[in-house]
1. Using modelled backbone amide H atoms (1.01 Å from N, in-plane), which distant-in-sequence or interchain residues come within less than 5 Å of residue 80's amide H?
2. With a ≥ b ≥ c the root eigenvalues of the C-alpha gyration tensor of segment 15-90, is it rounded (a/c under 1.5), prolate (a/b larger than b/c) or oblate?
3. Could you check which residue among 83, 95, 43 shows the biggest mean-square fluctuation in a GNM of the chain with a 10 Å Cα cutoff?
4. Out of 18, 81, 73, any idea which swings most in a Gaussian network model of the chain, alpha carbons joined below 10 Å?
5. Pick from 39, 52, 96: which residue has the top mean-square fluctuation in a GNM of the chain where Cα pairs under 10 Å get a spring?
6. Give the order of 51, 112 when sorted by the count of other beta carbons within 10 angstrom, beginning with the fewest.
7. By counting other Cβ atoms within 10 Å of each Cβ, how are 64, 74, 45, 97 ranked from fewest to most?
8. Please give the length that would be gained between residue 22 and residue 101 if that part of the chain were fully extended, namely 0.36 nm times their separation in residues minus their C-alpha to C-alpha distance (nm, one decimal).
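No lab work stands behind these numbers, since they all come straight from the coordinates. Predicted, not measured: the structure shown is a model, and the values here were computed from it. Neighbour counts run over all protein chains shown; Cβ positions are idealised from the backbone, glycine included.
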Amino acid sequence: MSKVLVCDDDNDILDMTSMLLEFAGFQVITQINSNKVIDQAIAERPDVMLIDIWMPFPGDKLTRQIKQTPQLSRIPVVLFSAAINGKMIAKEAGADRFVEKPFDVENLAAIINSVIAA
């Protein structure tokens, strides 16, 4: 079972995303505080990270840190957001993929599986 670390500063979105991904067959760990993702990811070793862009410590900056952290640099990062320019932000940050909110759970699961398999 693939492990997904989901980080969003909106508790309702975090709970809903976690529930949907668990239903789709993933093991899900969550983090509401983007400042704690690096340490949690090192400890938990997820197969993929799903990170919101707009948080107090932004997801694009977090992605850059993840990609520069030797223990985490090979873990795929999928950024998600309702931002109009989210795809561009994700690309510039070095994310592996971008998912627009609101998302279709089957599409999200397919994207997560594809970045894990890559």
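1. It is 51, 52, 53, 99, by chain and number.
2. Details: a/c = 1.59, a/b = 1.05, b/c = 1.51.
Oblate, because a/c is 1.5 or more while a/b does not exceed b/c.
3. Sorting by GNM fluctuation, first place goes to 43.
4. Of 18, 81, 73, the Gaussian network model singles out 73 as fluctuating most.
5. Looking only at 39, 52, 96, the biggest GNM fluctuation is shown by 39.
6. On the way: 51 26, 112 23.
So the ranking, lowest neighbour count to highest, is 112, 51.
7. Working: 64 16, 74 8, 45 11, 97 20.
The order, fewest Cβ neighbours first, is 74, 45, 64, 97.
8. Numbers: separation 79, 0.36 × 79 = 28.44 nm, distance 1.82 nm.
Once the chain is fully extended between residue 22 and residue 101, it gains 26.6 nm.
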